[in-house]
Amino acid sequence: MYAYYVLNPAHSRPRYYEESVCGLPLLRVELPRRWNGRRVGAVLRRAGVRCALNLPETGALLPEPSLVSTRSLWQSVAAELALAELTRRGIPWGGATVGILAGRTTKEVWDTLERLSGRVRALALNLPERERVALCLQRKNGVPVLAGAGDVTLCFSPAEPGAGRLLLGAERPAPEGFTLAVPGVPVPEGCPAEGLYGALEQGGRLPGKPEVCVQDGTAHRYRRFSLPQSHS
C-alpha cells in the first residue's frame, strides 16, 4: 500500500482514510500541525505501507517510508520536454541542437533520440558509446551528431544545474516550469499527482502515457504541450 500526507490544521490528531485510484490502494493521512512521528509510523507499518507519494510538510516519520520514484515518468517524455523548452525559449526546432547526457544508452535514451530525429537540426551526444550511437543515428535518420552542448541538454544521469539543462537523473526530477498530467487518472484533493502517477506506473496500473504541462507565465497554471506529427 502507498500513503500520502495532507496537512489539516483543523484536526487535533492524525486521521486515516483508505482510498483507491485506478485499482491502486492508497492511505490518505491527514495530519494536524503537531503529531507524533512514532505513532503515525506504527499505524503505517500495521497498514502495510512501504512507500509514500510525498513527505509530511511538518514533523518527521519514524521510520520514514521510501518515496516513490518518478524518474522513469519524466524520462519517458524527455523528447517532449526538450521541444517544449525550446519553444519556451523562442528557439525554432529546425535550427536547434538538443544535447543528451547519460551514463549509458538506455531504452529511454534511444526512444528520445528517435523521437527528436527529424524535428531538430542536430543532436549533441555525451555518452560512453557516442561514436556507435552517432553512426547508427546518421545511417538510420541522417541526423547530424555534434560534440559539445546543445541549446537544451537532457541529463538522464545526475548532473549539475546549468543553463539549458533539464535534469532528469534524480529519483524525483523537478524541471522548473513543468509538471506532468495523465488523462484518465482522477487525482484526489491534496494528493501529489506525480507521486500518484509513479505509484501507478510501478503497479502496472497507469492507463496512459504522461503528458508534459508547461507553466503559463508566472501564474500557477499549466497548459499541456502536444507533440505534432511533424514540425516545419
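Starting from residues that are more than 24 Å from residue 213 (Cα to Cα) and of a type in the set (Val, Ile, Thr), keep the ones in segment 87-130 and report whichever is farthest from the chain's Cα centre (by Cα). Among those that are more than 24 Å from residue 213 (Cα to Cα) and of a type in the set (Val, Ile, Thr), it is 105. Take the conditions modelled with pLDDT of 90 or more and within 29 Å of residue 203 (Cα to Cα) and apply them to residue 104. Does it pass? Here the answer is yes, as residue 104 does meet what is asked. Count of segment 139-163 residues, restricted to those that are touching a strand residue (DSSP E or B) at 6+ places or on another chain (Cβ under 6 Å) and either of a type outside the set (A, V, I, L, M) or open to solvent by 60 Å² or more (accessible area, probe 1.4 Å) (or both), is 9. Within segment 209-232, restricting attention to residues that are surrounded by 10 or more Cβ atoms within 10 Å (Cβ to Cβ) and within 18 Å of residue 94 (Cβ to Cβ), the residue that is modelled with the highest pLDDT is 225. Go through segment 166-182 and count every residue that is under 21 Å from residue 226 (Cα atoms) and open to solvent by 60 Å² or more (accessible area, probe 1.4 Å). Summing the residues that are under 21 Å from residue 226 (Cα atoms) and open to solvent by 60 Å² or more (accessible area, probe 1.4 Å) in segment 166-182 gives 2. Cβ-Cβ under 9 Å, sequence separation 6+ or interchain: first residue in segment 105-118 and more than 13 Å from residue 168 (Cβ to Cβ), partner among the charged types (D, E, K, R). Which pairs? Listed by first residue and then by second, the contacts come to 105/129; 105/132; 114/140; 115/80; 117/140.
The values are calculated or read from the model by the stated rules, or taken from the named source; none is laboratory data. Quantities reported herein were computed from a predicted structural model and do not represent experimental measurements. Using ideal geometry, Cβ is built from the backbone for each residue, glycine included, and neighbour counts are taken over all protein chains shown. The accessibility values were calculated without ligands, DNA or RNA, using every heavy atom of the protein model including side chains. Shrake-Rupley method; radii C 1.70, N 1.55, O 1.52, S 1.80 Å.
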